[in-house]
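Here's a structure for you.
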Amino acid sequence: MDKVFFEKCVKQFDIRGSIVSIAAYGKGHINDTFLVRTIDNGTITKYIMQRVNSGVFKKPEQVISNIEKVTAFLKVRAGSEREVLSLIPTNDGKTFIKDSTGDVWRMYDFIDDSICLDIVENENDFYECAFAFGKFQRDLRDFPADTLYETIPNFHNTPVRFGAFLSAVAADKCGRAETVKKEIKFITERQDFYSVLIDAEKKGELPLRVTHNDTKSNNVMLDYKTRKALCVIDLDTVMPGYSVTDFGDAIRFGASTAAEDERDLDKVHFSIDLFKAYTKGYMAGCDGKLKDTEIMLLPEGAKMMTIECGMRFLADYLSGDTYFKINYHDHNLVRARAQLKLVSEMEEKWEEMKKVVKEYC
Ligand code: ADP
Ligand code: GN1
Ligand code: MG
């Protein structure tokens, strides 16, 4: 790590005191996150500093602009400071800096005494994550959606994602397609499903709302002591979207008995009990603000986000791992296989999923 470079970045923000340490932090696949500690008269203050991935977010200034607007809106409705992310201003009153290479950086107050979970430990934790994302969407109900930039166009447009996947298969840049024929077949066989949500929107059954679009359990901070939901973080993809995809992405990540990148597929199972807990929490957080037609499509949202993520991971594997950060050569393939395993279990438990939604919504 280039200490001088990072310190120069940190010092452009309006921080308290002098820098004690800057260390890589978190497990995100896209941005680079750092924990910054400063000291002022013996008091340690912590900040989160992030470099926005400009390969993924082509207009990073627009990402920050969305976050400014959304957090300002939520602050008015929040009960305490810890419930909403707070951007730290720069010394010249902006909300981001640009480094010498042109990359955009931002800084947040560190939410103290909190945790976020890569794997939920129990149904209660997952209920809390669900409540937070449901409430997030409910609180943004009256937010003027047309003031938001689309930070990644067609982010959860599954037919478009499937098109990109087929292009990656056809290009087969790294000569890997032959080794993943089974997975390609699995994804291709289900192509009729991919337009289900978009068709429902066209029929007026699925409204566009302001949604989070990256609802992994590690994007909710829980209070360390009470395990109650505190704050929704990672707001880079807040844009108009469907409630059911927010619901679905959370199920994909959190209603699994294993990590997103578990290699041993015997450990990867879709848990109907976790699905139940999330459904209850999400409905409580939304506070009855979903249409009946949306509620009926919650299982479809779960399957859609899981297979969409599977095809995204596999497309990246085929294209030479240029999008998601990887820790080893077939990391994206491992991630993709885990998603496909979850999809097949959702298909097996489809009637049960429908029943849960009827019972709890
Ligand atoms: P990514 O897009 O890479 O997932 P996140 O914004 O989710 O980035 O941040 C990565 C991790 O940093 C989170 O999972 C969380 O552990 C931690 N984090 C982010 N923002 C805060 C914050 N304001 N306070 C405390 N921890 C945070
Ligand atoms: C990425 O940045 P992170 O890790 O929160 C990705 C999500 C995927 C997720 C899979 C901007 O999220 O869409 O669902 O990885 N974010 C972007 O873990 O592409
Ligand atoms: Mg995150």
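Read-outs: derived from the displayed coordinates by stated rules, not from any lab. Fair warning: this is a prediction, and the values are worked out from it, not measured in the lab. Note that we place each Cβ from the backbone using ideal geometry, even for glycine, and neighbour counts take in every protein chain shown.
If you build a Gaussian network model of the chain, linking Cα atoms that sit under 10 Å apart, which residue out of M304, M49, M296 swings the most?
Judging by the Gaussian network model, the answer is M296.
My understanding is that a pair violates if its Cα-Cα distance is over 27 Å; which of K58/K228; K58/K280; K59/K303; K228/K276; K98/K303 do that in this structure?
On the way: K58/K228 35 Å; K58/K280 37 Å; K59/K303 30 Å; K228/K276 18 Å; K98/K303 39 Å.
In this structure, K58/K228; K58/K280; K59/K303; K98/K303 lie more than 27 Å apart at Cα.
For K203, which lysines qualify as cross-link partners when the Cα separation must be under 19 Å and same-chain residues fewer than eight apart are set aside?
Cross-link targets: K291.
Follow-up. Please go through segment 60-160 and write out the GluC sites (Glu not before Pro) that DSSP classes as loop and that have at most 13 other C-beta atoms within 10 Å.
Numbers: sites: E61, E68, E81, E83, E121, E123, E128, E150; in loops: E121, E150.
Passing sites in segment 60-160 are E121.
List the trypsin sites (Lys or Arg not before Pro) in segment 170-224 that DSSP assigns to loop (not H, G, I, E or B) and whose Cβ has at most 12 other Cβ atoms within 10 Å. Which are they? Provide the component values of the computation, followed by the final result.
Details: sites: K173, R176, K181, K182, K185, R190, K202, K203, R209, K216; in loops: K173, R176, R190, K203, K216.
Here the trypsin sites (Lys or Arg not before Pro) that fit, given the DSSP loop and packing criteria, are K173, K203.
Please find the FRET efficiency linking K202 to I19, where r is the Cβ-Cβ separation and R0 is fixed at 41 Å, and quote it to the nearest 0.05. Show your work: numbers first, answer last.
On the way: r = 53 Å, r/R0 = 1.28.
The pair K202/I19 has a calculated efficiency of 0.20.
What is the distance, in nm, between label points placed 7 Å from the Cα along the Cα-to-Cβ direction at N122 and at C174?
4.0
Starting from the 7 Å offset along Cα-to-Cβ, what nm value, one decimal, do you get for the label separation of S344 and D273?
2.4
Would you list which aspartates and glutamates come within 13 Å of K173, measuring only between C-alpha atoms, while excluding same-chain residues fewer than 8 positions from it?
D316, D321
Using a Gaussian network model on the chain with a 10 Å cutoff between Cα atoms, which of Y242, Y224, Y194 fluctuates the most?
Looking only at Y242, Y224, Y194, the biggest GNM fluctuation is shown by Y224.
Take the Cα radius of gyration of segment 107-183 and divide it by 2.2 N^0.38 Å, with N its residue count; two decimals is plenty.
Values: Rg = 19.6 Å, N = 77, 2.2 N^0.38 = 11.5 Å.
Compared with the compact-globule rule of thumb, segment 107-183 sits at 1.71.
Evaluate the relative contact order of segment 123-358 (contact order divided by residue number), counting alpha-carbon pairs under 8 angstrom at least 6 apart; express in whole percent.
Result for segment 123-358 is 31 percent.
Further, regarding this structure: Taking the Cβ-Cβ separation of K94 and Q62 as r and a Förster radius of 22 Å, what is the calculated FRET efficiency to the nearest 0.05?
Efficiency at R0 = 22 Å is approximately 0.95.
Nearest 0.05, what FRET efficiency do A72 and E189 give at R0 = 41 Å with Cβ-Cβ as r?
Values: r = 46 Å, r/R0 = 1.12.
The value I calculate is 0.35.
Shifting gears a bit: On a straight-distance basis, which lysines could pair with K27 in a cross-link, Cα separation under 17 angstrom, same-chain partners fewer than 8 positions away excluded?
Within the straight-line cut-off, K27 pairs with K216, K325.
Can you tell me the alpha carbon radius of gyration of the chain divided by the globular rule-of-thumb value 2.2 N^0.38 Å? Walk me through the numbers before you get to the answer.
Details: Rg = 20.4 Å, N = 361, 2.2 N^0.38 = 20.6 Å.
Dividing the Cα radius of gyration by 2.2 N^0.38 Å gives 0.99.
Another question about this same structure. Read phi for every residue in segment 127-132 and hand back ³J(HN,Hα) as whole Hz from Karplus 6.51 cos²θ - 1.76 cosθ + 1.60, θ = phi - 60°, with x for Gly and Pro.
Each residue of segment 127-132 in turn: 4, 5, 4, 5, 4, 4 Hz.
Gaussian network model of the chain, Cα springs within a sub-10 Å range: biggest mean-square fluctuation belongs to which of G310, G254, G55?
Highest fluctuation among the options: G55.
What Rg and what Dmax come out for segment 3-111 when only alpha-carbon atoms are used, in angstroms?
Just the Cα atoms of segment 3-111 yield Rg and Dmax of 13.8, 41 Å.
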